[in-house]
Every structure is written in C-alpha cells, then in structure tokens.
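Asks: Mind having a look at this structure? Questions to follow.
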Ligand SMILES: [Fe+2]
C-alpha cells in the first residue's frame, strides 16, 4: 500500500491567500501585455515572432506533398499512436522516502488538432497509474482564440488519471491566461511561477512550475526558480517548464530533475529520427528525451499530440512514466 501524501502550494503550510493572489495579479498583468504582442519574450531577450504565415504555408505544402505521395494516412496513424515510455532515474539527493516515486508526464496534447487524440491520450494515461501526474503545457492547437475544446478534453482526461498526489500543470506558449480558471476548476494544480511540496513522512519533494518562457518569459519566472530552489539540506527539486530553455538556470540552482516538452521531438523527422525543426531556443541535445546539464537530469517529452499538422514521421507520440530511485 502506498504511503499517504500531503501536498500544498508554497509556502509549506497552506499559502497566505493574499500573497498568492498578489503574485498572480502581477503575473496576470505581464501575461496580458505579452499575449497582446507578436514578439516573443524569452530568457535570451526579445525575439521576432515565429513567422506564422510562412510556417503555415510550408506546413500546408508539406501536407499536400505527403497526400500526393500516399503517405498522409501513415502520418495520421503515427500521430494517434500514443506510446508509454518508461524510465527509471537514479536521482542523487532524492529522500529515501521517495524511492520508487512515479511521475506520469504528459506534454503538448494539443487536444483540438487531431480527431481521436484526446481519447488516445486518455487511454494511455488510464493504463499508467502513478503517484503524481504533471502536464507541461500546450493544451490547445492554436495560440489564440477559443479554448473550450481543449478544456473539455482536459475535463475528460483528469478523471482517468490515477495519481493520488494530484495532477499539476504549467502553461505552454499555446495556452492563454483565460485558460487558468477553467483548468483550476477541473482540480488541476496550476503552478504559475509557484511551488508545491509533496510530503512522505518528514521528507519532502518540491515541485516548481514556471509560466512558459518560449514566448512569455518574465523576471517572475527567474525569481520563482531562484526563490524555490532546493537547499542542499532540504530535499529534491523538480522544475516543470514548458520548454527546455531554463535548464541551465535550474541546474545552477541545484534542481535535481527538469521536465518539459514543446519540441514534439521534431514531430516531422528525417529517417533515423533527426528533427528538421524543433522550435526551440536551446541546444538540440535538449530537444528530445533524457539529457543532463551539470548535476541535473532532464527529460524533454516528444509530446502526446501533434502541432501544426496532425501528422508524425519518424517521431512517436508519447506519455512518460518516470520512476525516481535513490542511486545505488
Ligand atoms: Fe509549445
């Protein structure tokens, strides 16, 4: 039988409601300003928008080409085949009480892009009980406009997840401020530059979630990462960020694990799985799968859904079941 868990947002006991609200209010002002701009705000400074019209034209031309070659249906089938990747990670600094702790990681479902993807992800998640589930952003297909389909799909997914320590989430660059309240009403613990602490006996594990930094980076994300960084004598820190772009900072602050997505592992790859585009400001070695920066391990999910076109080639859709272990 699993030991009981307690979880609460930062600070360790229940949060001072006023301070939590004040932080959210500051964030909401910044987020609203950035959502109204086309330029991206990133940890490396402002970046021009990813060329929407050009990208859409290229994606459209690609889809037409695949259809002409008779390969479109194969790409659609690939996108809907959501596999479970299982990994066991030896984690220095992990408290003994959390040996065997299981994390179900789901990223980039883009629920409203592919017919059938929500059901495929729901089935894979239902077959993957864990201690906790973390969602690392991009719940809808578009970057603007309605979100009701994505929220409805999340509403169907959450009850299928078996994770006694809760479902926790961060926002991605496709997610808007208007999705926060609907997600929280579903019982999802959104971490917007905030921390949650999971307890097993006297031991605790900290979960620090940042707002997306690929398009919506602010100093609030940097501050939260630093403020909630694990002290040497106090447990193990897991950073949840939509993209790998805070990995170097998180490693320098002593986090033990970094979970992210955003890249879709390339989604449309060359034979052998080499991505053509990753839409990522980080080095390519952080764009897919397991990696390490300094003493920190990280995992970039290839994504449960697809983005742009409902197709995948030489890149698999995934959910990930991570088991944390004390190093032997
Ligand atoms: Fe993204």
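Asks: Would you say residue 171 is closer than 26 Å to residue 281 by Cα, under 15 Å from the mean Cα position of the chain (by Cα) and surrounded by 24 or more Cβ atoms within 10 Å (Cβ to Cβ)?
Replies: Spelling it out, residue 171 is indeed closer than 26 Å to residue 281 by Cα, under 15 Å from the mean Cα position of the chain (by Cα) and surrounded by 24 or more Cβ atoms within 10 Å (Cβ to Cβ).
Asks: State the number of residues belonging to the range 76-122 that are out of contact with any helix residue (DSSP H, G or I) (no Cβ under 7 Å at 6 or more places or on another chain), within 20 Å of residue 147 (Cα to Cα) and modelled with pLDDT under 95.
Replies: Of the residues in that region, 2 qualify.
Asks: Of these, 94, 104, which one is surrounded by 21 or more Cβ atoms within 10 Å (Cβ to Cβ) and in a loop (DSSP other than H, G, I, E, B)? Steps first, answer last, please.
Replies: Details: 104 fails: in a loop (DSSP other than H, G, I, E, B).
Among 94, 104, only 94 is surrounded by 21 or more Cβ atoms within 10 Å (Cβ to Cβ) and in a loop (DSSP other than H, G, I, E, B).
Asks: Counting only residues that are more than 16 Å from the ligand (Cβ to nearest atom) and out of contact with any helix residue (DSSP H, G or I) (no Cβ under 8 Å at 6 or more places or on another chain), how many does the range 124-144 have?
Replies: Of the residues in the range 124-144, 7 are more than 16 Å from the ligand (Cβ to nearest atom) and out of contact with any helix residue (DSSP H, G or I) (no Cβ under 8 Å at 6 or more places or on another chain).
Asks: Checking residue 242 against (1) within 22 Å of residue 301 (Cβ to Cβ); (2) at pLDDT 95 or above; (3) more than 16 Å from the ligand (Cβ to nearest atom): exactly one of these is not met. Which one?
Replies: It fails just one condition, (3).
Asks: Right, next: What number of residues within the range 157-181 satisfy the criterion of being within 28 Å of residue 199 (Cα to Cα) and either within 16 Å of the ligand (Cβ to nearest atom) or touching a helix residue (DSSP H, G or I) at 6+ places or on another chain (Cβ under 8 Å) (or both)? I'd like the intermediate steps shown before the answer.
Replies: Filtering the range 157-181 for residues within 28 Å of residue 199 (Cα to Cα) gives 157-172, 180-181.
Next, from what is left, pick out any that are either within 16 Å of the ligand (Cβ to nearest atom) or touching a helix residue (DSSP H, G or I) at 6+ places or on another chain (Cβ under 8 Å) (or both): 157, 160-162, 167, 169-172.
Residues flagged as within 28 Å of residue 199 (Cα to Cα) and either within 16 Å of the ligand (Cβ to nearest atom) or touching a helix residue (DSSP H, G or I) at 6+ places or on another chain (Cβ under 8 Å) (or both) within the range 157-181 amount to 9.
Asks: Let me ask another. Checking residue 41 against (1) in contact with a helix residue (DSSP H, G or I) (Cβ under 7 Å, 6 or more places away or on another chain); (2) within 16 Å of the ligand (Cβ to nearest atom); (3) over 30 Å from residue 249 (Cβ atoms), only one condition comes out false. Which one?
Replies: Of (1) in contact with a helix residue (DSSP H, G or I) (Cβ under 7 Å, 6 or more places away or on another chain); (2) within 16 Å of the ligand (Cβ to nearest atom); (3) over 30 Å from residue 249 (Cβ atoms), only one is false for residue 41: (3).
The values are calculated or read from the model by the stated rules, or taken from the named source; none is laboratory data. Nothing here was measured: the structure is a model prediction, and the numbers come from that model. Please note: Cβ atoms are built from the backbone with ideal geometry, for glycine as well, and neighbour counts cover all protein chains shown.
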